[in-house]
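One structure is given here, and the rest of the page talks about it.
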Amino acid sequence: MKTNREADMPAYAIAHLRNVTLNQGIVDYLKRIDATLAPFGGRFLIHGGAKELCEGEVTDDIVVLAFPDMGLARAWYDSPDYQAIRPLRMQGAEGEIFLIEGVGDDHRATDILPKEKAGGV
């Protein structure tokens, strides 16, 4: 059962990919992934865009998918349709994928602090 907090928070699937090769597996994966997202309200936020480095070093690819909530993000990742194409991505890319809960529109940076540290902010 979802709590009110879980139902109200968007969730994201973040892929941090290295050594991406546009082989046939990746091409097939790209042709099929959109259909896996639709039933779960998923959509691309970041995918193949130009990067402008501000600090540090970035040489890898980042993909961000948005979902209405964590339950739908998890259901997408675990779905038979996504699991069927997952090996195709792994044929042409290394990296990590994780799901992370987003924040509401009213989020403030100090919301993550324990109440005694947040003070009068």
Check your understanding: Is there any pair linking a residue in region 95-113 that is among the small types (Gly, Ala, Ser) and outside any loop (DSSP other than H, G, I, E, B) to one that is modelled with pLDDT of 90 or more and surrounded by 11 or more Cβ atoms within 10 Å (Cβ to Cβ), with Cβ under 7 Å and at least six apart or on different chains, and which?
Key -> Gly95/Ala15; Gly95/His16; Gly95/Leu17; Gly95/Arg18
Point to revise | One residue from Asp78, Asp61 being at pLDDT 95 or above, among the charged types (D, E, K, R) and closer than 20 Å to Leu37 by Cβ | key: Asp78
Practice item. Could you tell me whether region 8-19 includes any residue that is among the aliphatic types (A, V, I, L, M), at pLDDT below 95 and surrounded by fewer than 16 Cβ atoms within 10 Å (Cβ to Cβ)? Key: no
Practice item. List every residue pair whose Cβ atoms lie under 7 Å apart, where the two residues are 6 or more positions apart in sequence or sit on different chains, the first residue falls within region 61-76 and is in contact (Cβ under 8 Å) with a residue 12 or more places away in the chain, and the second residue, located anywhere, is in a helix (DSSP H, G or I) and surrounded by fewer than 18 Cβ atoms within 10 Å (Cβ to Cβ). Key: Asp69/Glu6; Asp69/Ala7; Met70/Glu6; Gly71/Glu6
Point to revise | Residue list for region 48-88, restricted to those being under 21 Å from Gly25 (Cα atoms), in a helix (DSSP H, G or I) and of a type outside the set (A, V, I, L, M) | key: Trp76, Tyr77, Asp78, Pro80, Asp81, Tyr82, Gln83, Arg86, Pro87
Review point. Are any residues in region 20-58 of a type in the set (Val, Ile, Thr), modelled with pLDDT of 95 or more and in contact with an Asp or Glu (Cβ under 8 Å, 6 or more places away or on another chain), and if so, which ones?
Key: Thr36
**Study point:** Any hit, region 31-44, residues being in contact (Cβ under 8 Å) with a residue 24 or more places away in the chain, in a helix (DSSP H, G or I) and of a type in the set (Phe, Trp, Tyr)
**Key:** yes
Study note, to complete from the structure: Gly95 vs (1) surrounded by 11 or more Cβ atoms within 10 Å (Cβ to Cβ); (2) on the phi < 0 side of the Ramachandran plot: all pass except (2)
Check your understanding: Which one of Ala75, Ala13, Ala35 is among the hydrophobic types (A, V, I, L, M, F, W, C) and either touching a Leu at 6+ places or on another chain (Cβ under 9 Å) or within 19 Å of Gly95 (Cβ to Cβ) (or both)?
Key -> Ala13
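The values are calculated or read from the model by the stated rules, or taken from the named source; none is laboratory data. Just so it is clear, the model here is predicted, and its values are computed rather than measured. Glycine gets a Cβ as well: all are built from the backbone with ideal geometry, and neighbour counts include every protein chain shown.
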